[in-house]
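The values are calculated or read from the model by the stated rules, or taken from the named source; none is laboratory data. What you see is a predicted model; the values in this text were computed from it and never measured. Cβ placement follows ideal geometry from the backbone for every residue including glycine, while neighbour counts extend to all protein chains displayed.
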Amino acid sequence: MSEKIVIEPTTQPVTNVEPLDRAKGFWEQYSKQIIYIGSAIILLIAGWYAYKNFVVAPKEAKASELIFPAENLFAKMSTGGFSKDSVSLALNGGDFNGKKMTGLLKIASQYDGTAAGNRANYMIGASYLHIGEYAKAIQYLNDFDGNGANQVQSKAYLLLGHAYAE
């Protein structure tokens, strides 16, 4: 009724060369394109890394160094009041506590795209608002991005609301 199947062991390896032949054929046909695409990906990654570490990082460090005195002056103005002279000094730069200070307008224009340039936009907008130049305040406050700092962004929206109300 039932047949008995006998499997005999073999010592010869079983080779299925069809997938290997297909892979070799694929490589022979598309090897140049694969190498070009791989090289392009590697170059893009290396270029991005070089740009980030050799262009953006030094620019960010320099901008942070330049904005420090202006941030100190802005903090003093925030607690002591915004006078036209102090606002002019903060915006245009000059001599502050015996040291040369770079103005916020210069920092915002030369270091656009950095965190310091972004903070400069906020301080410029607030300064213009306090001296009554509402159109300029709106322009700079619109350029400001809180980058996830919700409290600062909400303060910028509040200042924008005041500027639009005037």
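Values as computed for the structure displayed
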quantity	calculated
Filtered residue count, the stretch 136-150, keeping only those that are more than 16 Å from N92 (Cα to Cα) and touching a helix residue (DSSP H, G or I) at 6+ places or on another chain (Cβ under 8 Å)	9
Residue that is under 21 Å from A156 (Cα atoms), of a type in the set (G, A, S) and in a loop (DSSP other than H, G, I, E, B), where the choices are G132, G117	G132
Tabulated pairs, the stretch 21-44, first part of a helix (DSSP H, G or I), second among the aromatic types (F, W, Y) and surrounded by 10 or more Cβ atoms within 10 Å (Cβ to Cβ), C-beta under 8 angstrom, 6+ apart or interchain	I34/W27
Options L89, L105: the member that is among the hydrophobic types (A, V, I, L, M, F, W, C) and closer than 23 Å to L158 by Cβ	L105
Identity of the residue in the stretch 72-114, of a type in the set (D, E, K, R) and part of a helix (DSSP H, G or I), that ends up modelled with the highest pLDDT	K106
Scan of the stretch 131-148 for residues that are at positive phi and at pLDDT 90 or above, ordered by number	G132
Some residue of the stretch 85-95 being without any contact (Cβ under 8 Å) to a residue 60 or more places away in the chain, within 22 Å of L129 (Cα to Cα), exposed (fewer than 11 other Cβ atoms within 10 Å of the Cβ) and of a type in the set (D, E, K, R)	yes
Of all residues in the stretch 135-151 being of a type outside the set (F, W, Y) and assigned to a loop (DSSP other than H, G, I, E, B), the one that is farthest from the chain's Cα centre (by Cα)	A149
Test: residue in the stretch 120-128 that is part of a loop (DSSP other than H, G, I, E, B) and surrounded by 13 or more Cβ atoms within 10 Å (Cβ to Cβ)	no
